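Written below as structure tokens is the structure these notes are about.
What follows is calculated from the coordinates using simple rules that are stated; it is not laboratory data. In this text, all values refer to a predicted model and were calculated from it rather than measured experimentally. Neighbour counts are summed over all protein chains in view; Cβ atoms, including those assigned to glycine, are modelled from backbone coordinates with ideal geometry.
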Amino acid sequence: MINGKKIIFSGIQPSGNLTIGNYAGSLKNWVSLQNEYKSLFCIVDMHSITVRQNPAELRRRTYEVFALYLACGINPDVSTIFVQSHVPAHAELAWVLDCYTMFGELSRMTQFKDKSEKNSQNINAGLFTYPVLMAADILLYQADLVPVGEDQKQHLEITRDIAGRFNGIYSETFTVPEPFISKLGGKIMSLSEPDKKMSKSDMGDGSVRILDDRDTIIRKFRRAVTDSGSEIKVEEGKDGINNLIMIYSTFSGKTKDEIEKEFEGRGYGEFKMAVGECVADALEPIKAKFNTYISDKTQLDKLMSSGADQAAYLARKTISKVYRKIGFVQKP
Ligand code: TYM
């Protein structure tokens, strides 16, 4: 608890251009939860280097993600926004937690298996211990709630296991966090391969970027892969149309039933166009705000610096407690 409020922690990797999946699965929920909770939103650059990054691009993207958080409506007067590598306690706690995490449990992480397959030339130790750094991010701030997309569920489970194990050995040290995964938008699928998650690293038309221009957004939706049939109806096995209905619902606020009714007797082509326009309309004001924020580097630097100070203060409290419990001598 901070000032009587429960705590939220979440983050996004600056490893690609953020998609509407990132928006629906995380950013949108962060904005609606931030006033009810004390929130910390992180740009997790240390996680990004588990896959090779171009240094100049990583630097540029870190600023872009920061500006996007603001543009989407994260209020820096209410929430703490910061860059992970600015708070050394993340790496410090990760090392401690590494020693309380089992090789076997990390081997079972599906994201590790997927990423190892995709990066077979670079299956580094960081890729393997990635979930421990993520656990450190969350446990450092004693977070109660972690709003994420469905793909992060397993990482939240291991975080809870690590926290529980540590608490079991040393008495209550960490808050055991709960995931917050919204049913709506928790898993947005690719428009070109609707059985796969929409992903930042997909360079093709399957991923819609928050910063894509209007024409690109509409073109991507017009080309979206749909199933055989013509009805606009949620149905088991119709991944393409189910995904489009989910996206439309997320961005329009309409329910599934309202959407099915609205498009009764109308074809896929018309529906795809409507979804594209709705998403493009919703992203327009975000893009405008993004352009304002990204062009004022002095302001971004100021916010980045104060966010890191706020986070570091809270993180230090947990690190001190952990070091004391495990038996490290305090610097005299
Ligand atoms: P990342 O950077 O891959 O994604 C950021 C957030 O977006 C969600 N997301 C999606 N939600 C719905 N549909 C999709 N297609 C989609 N794609 C991504 C993710 O679930 C995530 O919430 N390991 C994390 C970053 C992280 C983190 C943390 C998150 C590091 N430390 C601590 C929470 C707490 C990741 O790679 O997210």
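By the count of other C-beta atoms within 10 Å, a proxy for reagent exposure, Tyr69, Tyr313 are ordered fewest to most as Tyr313, Tyr69. Qualifying GluC sites (Glu not before Pro) in region 250-321, where qualification requires a DSSP coil assignment and no more than 13 other C-beta atoms within 10 Å, comprise Glu264.
Looking at region 225-332, the trypsin sites (Lys or Arg not before Pro) that sit in a DSSP loop and have at most 16 other Cβ atoms within 10 Å of their own Cβ are Lys233, Lys254, Arg266. Candidate cross-link partners of Lys187 among the aspartates and glutamates, defined by an alpha-carbon separation under 14 Å and a same-chain spacing of 8 or more, comprise Glu150, Asp151, Asp195, Asp239. In this simple spin-label approximation, Lys317 and Ser32 carry label points 7 Å from Cα along the Cα→Cβ vector, and these lie 2.9 nm apart. Counting neighbouring beta carbons within 10 Å and listing from fewest to most, the residues Thr110, Thr250, Thr175, Thr216 come out as Thr110, Thr216, Thr175, Thr250.
On the beta carbon distance between Lys331 and Tyr170, with R0 = 22 Å, the FRET formula returns roughly 0.60.
Checked against a 19 Å cut-off, the cross-linked pairs Lys197/Lys233; Lys6/Lys254; Lys233/Lys256; Lys115/Lys196 give Cα-Cα distances beyond that limit for Lys197/Lys233; Lys6/Lys254.
Based on Cα atoms of region 15-128, Rg over Rh with Rh as the Kirkwood radius reads 0.99. Here the Gaussian network model covers the chain, with springs between Cα atoms less than 10 Å apart; of Leu27, Leu300, Leu140, Leu300 fluctuates the most. For region 1-141, DSSP calls about 10 percent of its internal beta bridges antiparallel. With the highest mean first, a sort of the peptides 38-50, 72-84 on other beta-carbon atoms found within 10 angstrom per residue produces 38-50, 72-84. Equivalent ellipsoid of region 221-316: semi-axes from √(5λ) of the C-alpha gyration tensor, largest first, are 40, 16, 11 Å. Our summary gives the chain a relative contact order of 22 percent, counting only alpha carbon pairs under 8 angstrom and 6 or more residues apart. Going through region 127-193, which trypsin sites (Lys or Arg not before Pro) have at most 13 other Cβ atoms within 10 Å and a DSSP loop state? Hits after loop and neighbour filter: Lys183.
Per residue, the convex hull spanned by the Cα atoms of region 264-312 amounts to 106 cubic angstrom. For the chain, the spread of Cα positions along the three principal axes, ordered from largest to smallest, is 74, 45, 42 Å. A Förster distance of 30 Å, applied to the separation of the beta-carbon atoms of Asp281 and Ile2, puts the FRET efficiency at 0.25.
Residue separation times 0.36 nm, minus the C-alpha to C-alpha distance between Ala125 and Arg60: what's the value?
Length difference between fully extended and current span is 20.8 nm.
Which listed residue (Val31, Leu300, Cys278) has the Cα farthest towards the positive end of the charge dipole for the chain, taking +1 on Lys and Arg C-beta and -1 on Asp and Glu C-beta about the Cα centre? Farthest along the dipole direction, towards plus: Leu300. Restricting attention to the chain, close to 20% of DSSP beta bridges with both partner residues there are antiparallel.
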